[in-house]
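S.K.: What follows is a structure written as structure tokens; I'll ask about it next.
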């Protein structure tokens with residue numbers, strides 16, 4: 001299958017800095033959902049399904065790290081999970097998320113930098129489509145671990161095909177060997193956008209904070 005070339009998606013993939021990523025998503029925000037659904041986007045649905053398997057209702061406050069327009073938190077909210085706090089680099093994406101009334105709070109914050117939350121602030125964390133070059137560097141996990149409570153889960157979708165930077169998997173393994181977290185589950189690899197970019201392969205991971 002020949003991949004569909006979407007100019008906005010190409011800008012996102014080619015972003016080398018947080019500023020470029022922010023600008024690309026701001027520009028894309030109004031048509032983002034229509035475009036990614038046309039690609040058969042499925043990471044948010046898989047992540048929400050995995051979340052429902054591992055996280056009990058009424059477990060406590062949730063962080064959606066890199067929330068975008070809220071695709072992954074919308075099914076959680078509908079299923080009764082709350083309160084959810086969303087953070088994202090893009091004001092345009094945050095504005096779309098705000099209109100959905102999913103989130104108790106929304107904040108403009110960048111992964112890879114210190115987050116403006118106290119230690120152990122969230123019971124569990126979800127992150128979809130964000131832990132990737134040009135968006136959030138491998139050290140983003142450090143702050144997600146800090147703000148997530150002991151025995152809480154960080155559930156995230158991440159690209160795992162040959163074009164992913166191996167530093168992400170290396171960092172994940174280093175945190176596990178260092179006793180910071182333990183891997184509880186990972187899905188098989190799956191095409192995250194089979195109708196648009198069929199060569200992009202993702203997995204959803206579940207890590208428990210130690």
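S.K.: Which one of these does residue 74 not meet: (1) crowded, with 16+ Cβ neighbours inside 10 Å; (2) modelled with pLDDT of 95 or more; (3) touching a strand residue (DSSP E or B) at 6+ places or on another chain (Cβ under 8 Å)?
M.R.: Against the list (1) crowded, with 16+ Cβ neighbours inside 10 Å; (2) modelled with pLDDT of 95 or more; (3) touching a strand residue (DSSP E or B) at 6+ places or on another chain (Cβ under 8 Å), residue 74 comes up short only on (3).
S.K.: For the stretch 150-159, check the following and say yes or no: at least one residue is farther than 26 Å from residue 28 by Cα, touching a helix residue (DSSP H, G or I) at 6+ places or on another chain (Cβ under 8 Å), touching a residue at least 40 places away in the same chain (Cβ under 8 Å) and crowded, with 22+ Cβ neighbours inside 10 Å.
M.R.: Yes, that holds for at least one residue.
S.K.: Filter the stretch 107-119 down to residues that are surrounded by fewer than 17 Cβ atoms within 10 Å (Cβ to Cβ) and touching a helix residue (DSSP H, G or I) at 6+ places or on another chain (Cβ under 7 Å) and give me whichever is farthest from residue 207 (Cα to Cα).
M.R.: 108
S.K.: Suppose we filter 97, 118, 104 for residues that are farther than 23 Å from residue 138 by Cβ, modelled with pLDDT of 95 or more and out of contact with any strand residue (DSSP E or B) (no Cβ under 8 Å at 6 or more places or on another chain); which single one remains?
M.R.: 118
S.K.: Give the stretch 164-207 a look and list any residue that's under 18 Å from the mean Cα position of the chain (by Cα), farther than 18 Å from residue 46 by Cβ, in contact (Cβ under 8 Å) with a residue 24 or more places away in the chain and surrounded by fewer than 18 Cβ atoms within 10 Å (Cβ to Cβ), or say none.
M.R.: Result: 165, 167.
S.K.: So, in the stretch 126-139, how many residues would count as being in contact (Cβ under 8 Å) with a residue 60 or more places away in the chain and touching a strand residue (DSSP E or B) at 6+ places or on another chain (Cβ under 8 Å)?
M.R.: 8
S.K.: Hey, any hits in the stretch 144-156 for a residue that's outside any loop (DSSP other than H, G, I, E, B) and modelled with pLDDT under 95?
M.R.: Checking the stretch 144-156: not a single residue is outside any loop (DSSP other than H, G, I, E, B) and modelled with pLDDT under 95.
The values are calculated or read from the model by the stated rules, or taken from the named source; none is laboratory data. Quantities reported herein were computed from a predicted structural model and do not represent experimental measurements. Methodologically, a virtual Cβ is constructed for each residue, glycine included, from the backbone with ideal geometry; neighbour enumeration extends over all protein chains shown.
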